[in-house]
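Please read the structure below before turning to the comments.
The values are calculated or read from the model by the stated rules, or taken from the named source; none is laboratory data. Just so it is clear, the model here is predicted, and its values are computed rather than measured. Reconstructed Cβ throughout: ideal geometry from the backbone, glycine too, with neighbour counts over all protein chains shown. Only protein heavy atoms, including side chains, enter the accessible area calculation; ligands, DNA and RNA are left aside. Shrake-Rupley method; radii C 1.70, N 1.55, O 1.52, S 1.80 Å.
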Amino acid sequence: MKTPTSAYRLQYLDWLRGLGAVVMLQGHVFHSFLKPELRDGAPFMLSQFAGGMPPAIFLFLTGVTLAFLMDSTERKGLAPLERVVIALRRSGYLFLLAFAFRLQLWIFGASAPWTDLLRVDILNCMGLAVAVLSVMALFGTAERIRLCAVVGLGIAVVSPWITQIDWTWAPALVRNYIVPDYNSFGFFPWAAYLVFGVSAGSILRTIPVESTERAMQWTALLGGALILTCQYFANLPFSIYAKSEFWLNSPAQVLIKLGVTLLLVAMAFLWTRYGAKEGWSWMRQFGTTSLLVYWVHIELVYGRWLYFLKNNLTVAQTVAATLSVILLMLAISRAKTQRHRLPALLAHRGWWFGPKPQRVPGD
């Protein structure tokens with residue numbers, strides 16, 4: 001049985017994942033529907049700036065759940081190689097989702113080229129990162145804290161050098177999975193967020209439940225320190241790299257986003273414990289069905305269904321479209337989690353999809 005205190009440890013992660021989903025929705029609606037001539041304005045710039053955070057949040061939280069999985073298999077006493085295999089199965093599941101997602105988009109896209117099936121999206125990045133990180137299951141939870149922190153930092157630091165390597169010899173698919181690129185989620189630097197998430201999730205598994213609040217205080221302090229420190233170094237007139245692009249492969253950008261994510265983790269914990277009311281939460285609702293929301297809204301916003309809205313709305317109309325999409329996704333999310341109650345609800349209103357029960361005489 002979950003205690004109220006231990007329940008918060010999962011609720012605030014769901015809340016944060018839901019926040020990422022909402023920010024993602026607005027970013028994609030603005031990106032697809034706003035008129036091109038309005039994209040130099042502040043609303044679009046702010047929308048896309050905020051929209052850059054959800055991938056980092058989702059990757060980080062995937063790392064947290066991977067840490068939970070590794071810790072769980074360790075506590076069950078499974079052999080090290082068996083723990084690695086279980087982590088690899090998680091990777092395979094993510095790859096399966098990634099290719100199924102791409103296949104569905106390609107089928108509905110009609111005239112889309114077959115190469116779209118091989119596009120490296122965030123689910124592909126998750127699959128590759130989890131596969132690489134599966135070796136961490138060989139270590140104990142406490143060891144994973146520092147190992148993954150070092151590996152995550154290493155991925156961020158070498159990303160500019162990875163870009164400078166001559167990759168012309170490699171197939172485009174290999175480059176897309178590895179090399180930083182604006183059009184794909186390469187292992188460098190995106191996998192760093194997932195690795196940092198494994199470190200953070202391992203910390204959560206090693207501390208007592210009653211120490212979680214103190215850990216969140218340190219999380220907020222570390223997040224703020226990362227933002228301020230990395231912003232300072234990013235603005236220095238010199239660099240150890242011959243070439244580095246801040247929004248593509250800069251370690252400073254990775255660590256600033258990590259800092260923002262850590263601040264959001266602490267904020268989500270604070271809100272779910274002291275601010276939110278008991279019971280259902282629309283933000284956590286999004287968090288528990290984030291994959292469904294991601295899958296459906298991509299087809300809706302970027303597919304053929306709303307073609308007449310693409311690049312055709314004013315700022316006010318795009319805001320209205322954003323709210324409409326959020327409400328629609330919330331309704332779909334709610335329908336998924338409450339689908340087992342739907343037959344009873346319809347029956348209460350007189351809708352029957354099976355043999356209607358016989359009335360008892362006298363009723």
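Here SER134 meets the list (1) open to solvent by 30 Å² or more (accessible area, probe 1.4 Å); (2) within 21 Å of the chain's Cα centre (by Cα); (3) more than 25 Å from GLY259 (Cβ to Cβ) almost entirely, failing just condition (1).
Just a yes or no: is a residue in the range 112-119 acidic (Asp, Glu) and free of Cβ contacts under 8 Å to residues at least 60 places away in the same chain? If you could, list the steps in order and put the result at the bottom.
Residues of the range 112-119 acidic (Asp, Glu): 116.
Those left that are additionally free of Cβ contacts under 8 Å to residues at least 60 places away in the same chain: 116.
Yes, the range 112-119 has at least one match.
Among the β-branched types (Val, Ile, Thr), at pLDDT 95 or above, over 22 Å from PHE68 (Cβ atoms) and out of contact with any Lys or Arg (no Cβ under 9 Å at 6 or more places or on another chain) - does that describe any residue in the range 104-124? Yes; the residues of the range 104-124 include at least one that is among the β-branched types (Val, Ile, Thr), at pLDDT 95 or above, over 22 Å from PHE68 (Cβ atoms) and out of contact with any Lys or Arg (no Cβ under 9 Å at 6 or more places or on another chain). Annotation: of all residues in the range 228-268 being among the polar types (S, T, N, Q) and either open to solvent by less than 40 Å² (accessible area, probe 1.4 Å) or under 29 Å from GLN217 (Cα atoms) (or both), the one that is nearest to the chain's Cα centre (by Cα) is THR261. Residue count for the range 11-61, restricted to those that are open to solvent by 20 Å² or more (accessible area, probe 1.4 Å), assigned to a helix (DSSP H, G or I) and small (Gly, Ala, Ser): 3. Of the residues TRP106, TRP114, the single one that is aromatic (Phe, Trp, Tyr), open to solvent by 40 Å² or more (accessible area, probe 1.4 Å), closer than 30 Å to TRP247 by Cα and touching an Asp or Glu at 6+ places or on another chain (Cβ under 9 Å) is TRP106. Among the criteria (1) in contact (Cβ under 8 Å) with a residue 60 or more places away in the chain; (2) of a type outside the set (Gly, Ala, Ser); (3) open to solvent by less than 40 Å² (accessible area, probe 1.4 Å), the one ASP181 does not fulfil is (3). Checked against the criterion of being in contact (Cβ under 8 Å) with a residue 60 or more places away in the chain, in contact with a strand residue (DSSP E or B) (Cβ under 9 Å, 6 or more places away or on another chain), of a type outside the set (Val, Ile, Thr) and not in a helix (DSSP H, G or I), the range 136-147 has no qualifying residue.
Taking each residue of the range 23-41 that is over 17 Å from PHE308 (Cα atoms) and looking for partners that are among the aromatic types (Phe, Trp, Tyr) with beta-carbon atoms closer than 8 Å, six or more apart or interchain, yields MET24/TYR294; LEU38/PHE44. Inspection of the range 261-276 finds a residue satisfying the criterion of being modelled with pLDDT under 95, assigned to a loop (DSSP other than H, G, I, E, B) and out of contact with any Pro (no Cβ under 8 Å at 6 or more places or on another chain).
Looking across the range 151-188, the residues that are closer than 17 Å to LEU59 by Cβ, small (Gly, Ala, Ser) and part of a helix (DSSP H, G or I) come down to GLY152, GLY154, ALA156, SER159. Residues that are within 23 Å of LEU13 (Cβ to Cβ), surrounded by fewer than 21 Cβ atoms within 10 Å (Cβ to Cβ) and not charged (D, E, K, R) within the range 299-334 comprise ILE326, LEU330, ILE332, listed in sequence order.
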